[in-house]
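Written below as structure tokens is the structure these notes are about.
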Amino acid sequence: MTLTRADQVQVMFRIRLHKNASMGEVHGAVVSAGGEVVAVETRATAEAYSIRDITVSMEPGADVSAASAALRQVPGVDVMETLDRVFLAHLGGKIATHLKVPVVDRADLSVVYTPGVARVCEAIRDRPERAFEFTVRTNTVAVVSDGSAVLGLGNIGPQAALPVMEGKAMLFKRFADVDAFPICLATQDVDEIVETVERIAPSFGGINLEDISSPRCFEIEERLRRRLDIPVFHDDQHGTAVVMMAGLLNALKIVGKRMEDISVVMAGVGAAGVACTKILLAAGVGHIVGVDRVGIIERGRHYDNPVKMWYAENTNFENRRGTLEDAIRGADVFIGVSGPGILTVDHVKQMARDPIVFAMANPIPEILPEVAAGHVRIMATGRSDYPNQINNVLCFPGMFRGALDVRARDINEEMKMAAAEAIAACVPEDQLAEDSIIPSPFDPNVVPAVSAAVQRAAVKTGVATLPAKVPLDDEPVYTEI
């Protein structure tokens with residue numbers, strides 16, 4: 001039976017085919033298990049065997065293990081590995097370069113390479129800023145990681161982090177047409193990371209730091225921001241904070257509370273927790289209590305960790321002490337960027353009326369929505385299988401699109417808040433609801449809205465070096481180059 005493309009479920013078997021084995025029997029075994037061989041590729045050969053990748057299409061719901069078992073019954077065949085849809089999507093990497101101008105003859109070659117390229121090099125030598133005009137730098141972002149804090153996997157190293165950074169580059173291109181390239185560094189030394197990124201910066205228009213563990217991430221970002229004249233943005237910090245703020249702006253509209261009146265408990269004071277706290281303070285929230293594994297971050301107490309010291313000096317003005325249970329009593333909002341299951345129904349019952357819970361730990365949130373149901377007014381998580389997903393992809397594509405378009409020298413707090421307000425505004429007032437406080441990442445309005453807001457904020461705060469591509473409320477103020 002020939003399957004249509006829409007029906008196909010593909011899987012790839014990597015087999016060792018000995019000299020006495022028959023490919024005809026391999027095909028027959030696949031068919032007997034309800035599949036169809038659609039491609040065969042030889043990966044390696046030796047005197048006694050060859051290694052082949054057999055791509056098989058199977059009916060929806062078919063038992064892949066049955067096909068594997070059938071292949072194992074073929075004399076002279078060893079099944080070495082089974083690659084499903086996820087692995088097939090990553091096979092050979094998920095990104096590639098393409099040509100923007102044709103190279104089909106000697107005349108083309110003389111334009112894109114020697115001798116024509118020399119004239120462009122000389123123009124950039126005389127005016128270095130023209131690299132943004134005549135090279136990929138104008139639209140290219142480096143996605144930089146040391147692999148020390150990858151998703152929910154932890155310190156898995158640079159090579160294992162590469163598939164995630166490739167995925168990030170895909171999202172840049174898919175949502176904002178920004179060309180991004182993964183840069184995974186074989187070092188976790190702060191000085192070496194800073195030096196390496198500084199040295200490769202001439203090839204890029206922006207730096208997206210990704211999955212670098214706390215507290216090193218703070219110093220790395222701050223030092224690079226001081227040294228480079230292009231945007232440096234640690235997405236795990238600021239992307240999370242921006243989207244959280246967008247969701248909170250809309251949540252407060254539903255419950256009828258003002259930002260300056262609410263009290264917030266922040267569970268987790270690492271990279272994301274600190275960034276969320278800073279944007280909350282900038283928005284006017286006056287009462288924030290941070291909680292880590294040990295308990296409440298106490299005001300007036302000395303901490304060896306400079307990040308926690310900052311937290312102690314800038315939050316918890318009531319000087320609460322104790323555990324999460326002591327912190328959450330009477331709180332309007334719980335924001336979790338910590339770990340699974342730390343928030344209980346009993347905790348939620350101690351919160352103020354119409355509690356708002358953003359449980360953003362991945363893959364398992366601080367409290368599951370089905371557990372919190374009936375006890376919270378508004379619930380958000382970091383997961384795509386629940387409503388109100390706090391997803392960084394709502395922020396970083398539009399953030400960099402806007403920053404690149406005005407050739408910003410930095411991404412500042414005003415640009416982050418502008419992005420949050422733009423994301424929030426993508427949910428129309430008449431569509432706001434407890435399960436609809438944040439737009440979908442696939443909403444086509446999000447990236448243009450965020451980009452426009454970021455451009456305006458960059459121009460108004462003086463970090464833009466080009467005029468905005470969108471109308472401004474007042475006269476543009478930008479730096480000529």
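Considering every pair of different Cα atoms, what Kirkwood radius, in Å, is found for the chain? Hydrodynamic radius (Kirkwood, Cα only) of the chain equals 25.3 Å.
Note: the stretch 194-255, Cα convex hull, 98 Å³ per residue.
Using Cα-only point scatterers and the Debye equation, what is log10 of I(q)/I(0) for the stretch 98-164 at each q in 0.14, 0.23 Å⁻¹, rounded to two decimals? At q = 0.14, 0.23 Å⁻¹ the computed log10 ratios are -0.66, -0.95. With all protein chains kept in place, the per residue accessible area of the stretch 1-136 amounts to 67 square angstrom at a probe of 1.4 angstrom. Any idea which of Ile411, Leu394, Ile367 is furthest toward the positive side of the dipole for the stretch 332-467, if Lys and Arg beta-carbons carry +1 and Asp and Glu beta-carbons -1? Most positive-ward Cα: Ile411. Working from Cα positions, state the angle (0 to 90°, nearest 10) between the long axis of helix 116-126 and the longest principal axis of the chain. Approximately 20 degrees, to the nearest 10. Calculated on C-alpha atoms, the gyration radius of the stretch 109-209 divided by its Kirkwood radius gives an Rg/Rh of 1.07. Sparse packing (at most 16 other Cβ atoms within 10 Å of the Cβ) combined with a DSSP loop state is found for the following chymotrypsin sites (Phe, Trp or Tyr not before Pro) in the stretch 112-141: Tyr113. Pop out the carbon and sulfur fraction of the accessible area of the chain as a percent, whole number, probe 1.4 Å. Using a 1.4 Å probe with all protein chains present, the chain comes out at 52 percent carbon and sulfur. Across the stretch 231-360, Cα-Cα distances exceeding 24 Å account for 21% of all pairs.
Stretching the chain fully between Val38 and Glu325 yields a gain of 97.5 nm (0.36 nm per residue, less the alpha carbon separation). Listed by chain and number, the aspartates and glutamates whose alpha-carbon sits under 15 Å from that of Lys168, ignoring those within fewer than 8 places in the same chain, are Asp146, Asp177, Asp179, Glu210, Asp211, Asp235, Asp236.
Using only side-chain charges placed at the Cβ, +1 for Lys and Arg and -1 for Asp and Glu, the dipole size of the stretch 363-436 relative to its Cα centre rounds to 340 debye. Helices in the chain, meaning DSSP H runs of at least 4 residues, each add -39500 (n - 2.57). Divided by all residues, the mean residue ellipticity at 222 nm is -11000 deg cm²/dmol.
The share of alpha-carbon pairs in the stretch 24-107 lying farther apart than 19 Å comes to 50%. The charge dipole of the stretch 246-300, taken about its Cα centre with unit charges on the Cβ atoms of Lys, Arg (+1), Asp and Glu (-1) only, comes to about 120 debye.
Probing with 1.4 Å while keeping every protein chain in the model, the per residue accessible area of the stretch 355-481 equals 41 Å². The equivalent ellipsoid that matches the C-alpha gyration tensor of the stretch 379-439 spans semi-axes of 25, 13, 9 angstrom, in descending order. What the stretch 157-300 shows is 36 Å² of accessible area per residue, with the surface traced by a 1.4 Å probe over protein heavy atoms.
Counting only alpha carbon atoms, the long axis of helix 396-405 and the longest principal axis of the chain meet at about 80°.
The values are calculated or read from the model by the stated rules, or taken from the named source; none is laboratory data. Quick caveat: nothing in here was measured; it's all calculated off a predicted structure. Cβ atoms come from the backbone with ideal geometry, glycine included; neighbour counts cover every protein chain shown. Remember, those area values only see protein heavy atoms, side chains included, never the ligands or the DNA or RNA. Shrake-Rupley method; radii C 1.70, N 1.55, O 1.52, S 1.80 Å.
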